[in-house]
């Protein structure tokens, strides 16, 4: 029947054939897209040439003519470090503040979210006020507020630093802590290896305790025993090998403390502002996740005789996590991207020293902005990948 | 689908159009006002007064250019730019002219595709410290934390100076001048470094100006002046000669108050040429014949601009580099003829 109608009808002209038409339109669209991109490219190149601007990656090998102050892991030497080093330091500092921020925001956010659901009126109102305050004020304003109005104004100068036992110092320039220095390399390695062995021991202990609980129902205080192992065993190794690691204390010089481990005030302010701000959003996400768990689950758990802490830890939170994680990923990505507001308080992260100073001193806008975009893209995709993997692991297994 | 194609075609057409850059002079005339990139936060150079009008020797160049090109000094739209944004804003065509205390260097002149016209202020970099540190010379600053504005030549001079004197420093880099000053004021650093004229202005805005001193060293040459895009010679000539006209007017003794009188009665050929009574100076720049008269009448000569903007900050001019060459300075404008 169907074959009949096609063979008998007059042949469709090719330009009326929907398949051919679709193909032609697709091809036209492709041409337009390619042509637009090509035009953008050639226009850019022509305009740059007209203005005598040379673009390319050559400048990466040039020596950076300015100084970078904060770089805990990559050494910056004025007059020797190149623009490439500045780029790496920028990435390093972005990762440092994002990592610290994500950890703090998650912990704080969880506490706030659970507090908001508390049956205690006061506790839940405190959490509500916190969320409504921090969530509704622009982040840049908060960063400026903490840095200029609170920390810089209230902390004393280097000479009047607040100190904790003359080893940890806090002043308007930042936080200064003792830094571990290796005195005997072999000894230090032994301590590290013993530490790792202790960690593996703890994992084995945890597995054993879990198996025993599954089989016999007896629980074992894994946490406190592991903690004891993790502290005692490496400490013992440390003294047996004859204290291979010493400490370098920060020392007050003419202007400020030198030596030791330093955390500039800008990092501290930025970290503080980013975590408190993002925690408000994570708190709401956590609340939403917990409320998504059917109330029957809580009741059933209570009926089994679990107390409120156990109900949360063993029944509600594991089920809430699968609702919490996807939106939490967005918050982590936001925090990473928001760290680019650092320039307001003089923290030297990627946008500040790379697409800020380096761009201005070299004029290589195209290359530098493109590199910056790629870095953020990679950081975001990596964060997403890790958390998506975790999310996949904790999803409900449907049988 | 069809709509998509239309959009794509339109986008393509726009992009092709922008490949050819029209002359800045025609653009400004067609638009009816000049777009000038400025700082807006440095008293004496560019900052709003208590009535909200921009004042300063940098913005006077903008007013003067508008007066020369459009006949009305007030036809200016200001775009405040940070040190980091300024060159991209100029080379992308967002502003017609950049008059934002910008130092002339080889790199900027060549690799950034810019043209420096002439200098409206010749400066040098210095240091300001809190008095209670007891520092008397910049050579005692080893290990200090230094507040600095990002993306400036100041940043580079600082690095050079500390490097050549074998000293270390901790840079605390802010984006704008007010943030940098605030950082210094609240103790985020020991030292504030900038051009000396700016330090004088910044000092007046500290909570306690007497608690800070400016150290004697000058560590760099900072010839500051208006900048235009490379590749538009007509516009380059106009901005250059706007500045020269202001300086020449001072040399010839023409001021905003006597310009009308001199235009009518002066027999001096130099004055007559500047004021457009004689010669074809305006036409050669593709401007009207009264271009320089408009500048002087509406904005004033260079000396008047300096007197109005910088003298109140206590930056004396007499005998300094910024005085006319006839009085011991190095301000030297080529003749208008």
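Taken together, the values in this text are just the output of simple stated rules run on the coordinates, not laboratory data. Worth saying up front: this structure is predicted, and the values here are computed from it rather than measured. Because the Cβ atoms are built from the backbone with ideal geometry, glycine has one as well, and the counts that use them run over all protein chains shown.
Modelled this way, with points 7 Å down the Cα-to-C-beta line, the labels at residue A:369 and residue B:74 are 3.6 nm from one another.
Shape of the protein assembly as shown from its Cα gyration tensor (a ≥ b ≥ c, root eigenvalues): rounded if a/c is under 1.5, otherwise prolate when a/b > b/c, or oblate? In terms of gyration-tensor shape, oblate. Translational diffusion coefficient, Stokes-Einstein: compute it for segment A:179-242 using the Kirkwood radius over C-alpha pairs as Rh, at 4 °C and 1.567 mPa s, and state it as an integer in µm² s⁻¹. It comes out at roughly 99 µm²/s.
Given R0 = 22 Å, the distance between the Cβ atoms of residue B:210 and residue B:164 translates into a calculated FRET efficiency of 0.10.
The ranking of A:214, A:58, B:123, B:96 from fewest to most other beta carbons within 10 Å of each one's beta carbon is A:214, A:58, B:123, B:96.
For chain A, a Gaussian network of Cα nodes joined below 10 Å ranks A:370, A:27, A:186 by mean-square fluctuation, and the top entry is A:27. When its C-alpha radius of gyration is set against 2.2 N^0.38 Å (N residues), segment B:152-240 gives a value of 1.35.
Normalised by the number of residues in segment B:125-220, the average gap of Cα pairs under 8 Å and 6 or more apart makes the relative contact order 47 percent. Shape annotation for chain B: C-alpha extents along the principal axes are 72, 60, 39 Å, from largest to smallest. Label zone of residue A:111 (point 7 Å out along Cα→Cβ, amide N under 18 Å): in segment A:246-287 this covers A:269, A:271-287. Among B:131, B:267, sorting on how many other beta-carbon atoms sit within 10 Å of each Cβ, with the fewest leading, yields B:267, B:131. In this label model, residue A:235 and residue A:77 are separated by 4.0 nm, measuring between points 7 Å along each Cα→Cβ vector.
Once the C-beta distance of residue A:306 and residue A:40 is scaled by a Förster radius of 56 Å, the resulting FRET efficiency is 0.35 to the nearest 0.05.
GNM remark for chain A: springs join alpha carbons under 10 Å apart, and the peak mean-square fluctuation among A:336, A:106, A:167 falls on A:167. When B:250, B:217, A:349, A:80 are arranged by Cβ crowding within 10 Å, least crowded first, meaning fewest neighbours, the order is A:80, B:217, B:250, A:349.
The translational diffusion coefficient of segment A:118-164, from Stokes-Einstein at 10 °C and 1.306 mPa s with a Kirkwood hydrodynamic radius over alpha carbon pairs, comes to 119 µm²/s. With both labels modelled 7 Å from their Cα along Cα-to-Cβ, the residue A:20 to residue A:159 distance reads 9.1 nm. Using just the C-alpha positions of chain A as equal point scatterers, what log10 of I(q)/I(0) does the Debye formula give at each q in 0.08, 0.11, 0.13 1/Å? So the normalised log intensities work out to -0.69, -1.12, -1.35. Computed from the C-beta positions of residue A:253 and residue A:385 and an R0 of 30 Å, the FRET efficiency is 0.10 to the nearest 0.05.
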